[in-house]
Structures are given as structure tokens and as C-alpha cells.
Amino acid sequence: MSEPIISIRGLRVVYHALRGVVKAVDNVSLDVMKGELIGVVGESGSGKTTLAMAILRLLPPKVARIVGGHILFDGLDLATAREEELRKVRWSRISYVPQAALNALNPTLKIIDHFMETAKSHGIRDRKWVVERASELLETLRLEPERVLNSYPHELSGGMKQRVLIALSMLLNPEVIILDEPTTALDVLTQYFILNLLRAIKEKYNMTMMFITHDIAVIAGIGDRVAVFYAGKVMEIGDVYTIFKRPAHPYTRALIKSIPTLTGNIEEMKPIPGTPPDLINPPPGCRFHPRCPYAMEKCKRVEPPMVELKPGHLAACWLLA
Ligand SMILES: Nc1ncnc2c1ncn2[C@@H]1O[C@H](COP(=O)(O)OP(=O)(O)OP(=O)(O)O)[C@@H](O)[C@H]1O
Ligand SMILES: [Mg+2]
């Protein structure tokens, strides 16, 4: 396996909400390996977007705080780096396609101007360079460059806009792209079309991708590895084959059983009973214990450690420890 490009160690992020302190990311350690496509999956509210925003240090300043841990990237700790150091990394070395970004394109600007604005904010004013680079990227994403660059956002379909956003995030040739639910708003066929394109551009440009989704099925066809999040914690990490064929954690197994299949019997699909916990007062011990069919006494009291089941396959569960 290759070396890590981003190493997250013991990361803790909290939000100061009116109701109390939300422990949105709690002691998360994760390596993102150079050149891989890693899926970060988990139910709504499990801390996926918080993790992405922490890596880029785009968390809402007054409400959110990184209260522990490190995010190591090329000798820099992004968790504590100063704003001027972060500016050199953001977008040009690690870029981000935010969740629900489809609506974030400025309706009064043509697509070319979106590319120009992004370039300008990084000191590039050479329009010819921007048009050439944008055209190449759009073409790779199977869009007609000339038509798209001269369109306004409302003239494009959702799938086209999503591809424009991906091209925008690649404009400055970053080493890492973090995509937050990039296909969630799209129909299934467009989703699969874009997923395959993502895989192809990752190979072509030799990039590293972190793909965030609540839908574990999405990652099956395109990911190299998967990190399964639950209630602000990593429950299991492994390569895609292992996670889908030999999932070890009861939560991962439940997630996979909850996937509707096109050919399968609807009765075989089992939603996970219960709801994710409130992260202001998460359950003691294993955070999944209130919903876990195998929960033992110990699970209610002591948090299970992350154990390596085989090289590269880790899970945090007392059944496995
Ligand atoms: N600005 C905020 N203020 C207070 N709490 C927040 C804020 N943003 C997120 N949270 C809380 O932090 C936790 C993690 O949220 P986050 O958005 O990271 O989850 P997610 O896994 O991305 O969910 P989704 O799949 O719905 O996008 C949730 O409990 C959420 O309510
Ligand atoms: Mg999110």
C-alpha cells in the first residue's frame, strides 16, 4: 500500500449549540492514502461533513472548535495551522466540493466566470490558461466545454452542474479532493455515470479522493477503502471488498443489510432499528450499543478499542476485541 497523504490522529471537534456541546467528531484517527479513493460513510449526523470541514478548517468560526488531535499533511498540522498557511493548502492542494453545492453556483455568473473567480482568488488572471484548463477538465467529465462555459447555472441539469463543480474543484490541480455527498441529489443513473467518471479522473490526474456519502452502496463500485462512521466515531475501516463481503462490526453489517437492491426482495431489506444518538449526551461505552442486537453488559460501560483484525482491517467492537 502507498503512504498516507493525510494522517488524522485523535481528532475531536465540538459545536457549541444552545442545547449544549455537540461532540460531532470524537477521537477519530484515519489515514488517507496517496492515490486512493476512500469512502466515508455513515448515517445522517454521524460527523462526516464536520470531518471534511475540519480538514479544510472551514468550520463555522464562533460555533465550532477543534478541541483535540492532529491533521497532518505534508509536514503541516492543519488542526492548528495559521490562516496564511491554510490558504496555501485550501483549494490548490486540498479542494472540497461541499454538500448541497449544486445550489451554491452564483445564478448571475456564467460558468466560465466561476472558473475565473476561483483562479483569481489564487492570483491567476490568465484567462486563456483558465479556459484551456477548464475545457480539458470539462471534456474529461464528458461535457461540451464551449457550451457549458458560456451557460448560466440554470441552463444546466443537476448532473451537469455537479460535474462543473467537480471540474472547478480540480482547476488548480489539487493533490486531494474531498467530495461531500456529490451524487445524493441526482437520479440513480446520473449518479452511476458520475461515479464512474470520478474514478476515471482520479486515475487520469493521479489524485487522492475522499468521498463522503450516507449511502454505503454508492461506494461499492468505485472505492478502494471505506471508513464507517457512527455518532462521531470510526467504527470500522477496511478495503471495499472486505467491508462488503466480510464486514466485522454489527453496525457495518446492519448498514449493508439496509441497502435496497434492484433485484432483491424488499422483505430482505432491513432498516436499522432505532435512531442515532444525540451527540450532546452520547451513550456511554460503545455508542452503537442501544441499537446493537449483540450488545453485552461491557458494551454499555466501556468503549471498545479499535483492533486490527487483519492487516488494514480495523473495527471497534467488544465482540471482536
Ligand atoms: N453549526 C452547527 N451547530 C451545532 N451543531 C451542529 C452544527 N453543524 C453540525 N452539527 C451537529 O454535528 C453533528 C454532525 O453533523 P454533520 O453535519 O457533520 O453530520 P453528517 O454526517 O455530515 O450528516 P449528513 O449525512 O446529514 O450530512 C450532528 O449532530 C449535527 O447536528
Ligand atoms: Mg453532511
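FYI, it's all coordinate maths here, none of it is from the lab. Because the structure is predicted, anything quoted here is derived from the model rather than measured. Every residue, glycine as well, gets a Cβ built from its backbone with ideal geometry; the counts of neighbours run over all protein chains shown.
A few points about this structure:
- Take each peptide in 271-281, 143-153, count the other Cβ atoms within 10 Å of every residue, and average; sorted highest first, the result is 143-153, 271-281.
- Checking the Cα-Cα distances for Lys161/Lys202; Lys23/Lys62; Lys245/Lys310; Lys34/Lys88; Lys120/Lys204 against a 22 Å cut-off, the pairs over it are Lys120/Lys204.
- For segment 104-173, projected area of the alpha-carbon convex hull averaged over all directions, nm²: 4.1 nm²
- In percent, rounded to a whole number, the relative contact order of the chain is 20, using alpha-carbon pairs under 8 Å and six or more apart.
- Cα centre as origin, Lys/Arg/Asp/Glu Cβ charges: the chain dipole, Debye: 640 debye
- Pair Glu117, Ser29: separation of 7 Å Cα→Cβ label points (nm): 4.2 nm
- Dipole of the chain [Lys/Arg +1, Asp/Glu -1 at C-beta], most positive-end residue of Tyr205, Gly42, Val176: Gly42
- Selection among Leu279, Val218, Ile259 by position relative to the dipole of segment 204-321 gives Leu279 as farthest towards the positive end (Cβ unit charges, Cα centre).
- Compactness of the chain, taken as the C-alpha radius of gyration over 2.2 N^0.38 Å, stands at 1.02.
- Cut-off under 5 Å, modelled amide H: who pairs with Leu37 long-range: Met209, Asp224, Arg225
- Total charge dipole magnitude, segment 104-173, about the Cα centre, Cβ charges on Lys, Arg, Asp, Glu only, Debye to nearest 20: 100 debye
- Sparse-neighbour loop sites [trypsin sites (Lys or Arg not before Pro); segment 1-51; at most 10 other C-beta within 10 Å; DSSP]: Arg19
- Toward the positive end of the charge dipole of the chain, with +1 on the Cβ of Lys and Arg and -1 on the Cβ of Asp and Glu, the farthest Cα among His313, His249, Gly10 is that of Gly10.
- Remark: spin-label model distance Ala81-Glu146 equals 4.0 nm, labels positioned 7 Å along the Cα→Cβ axis.
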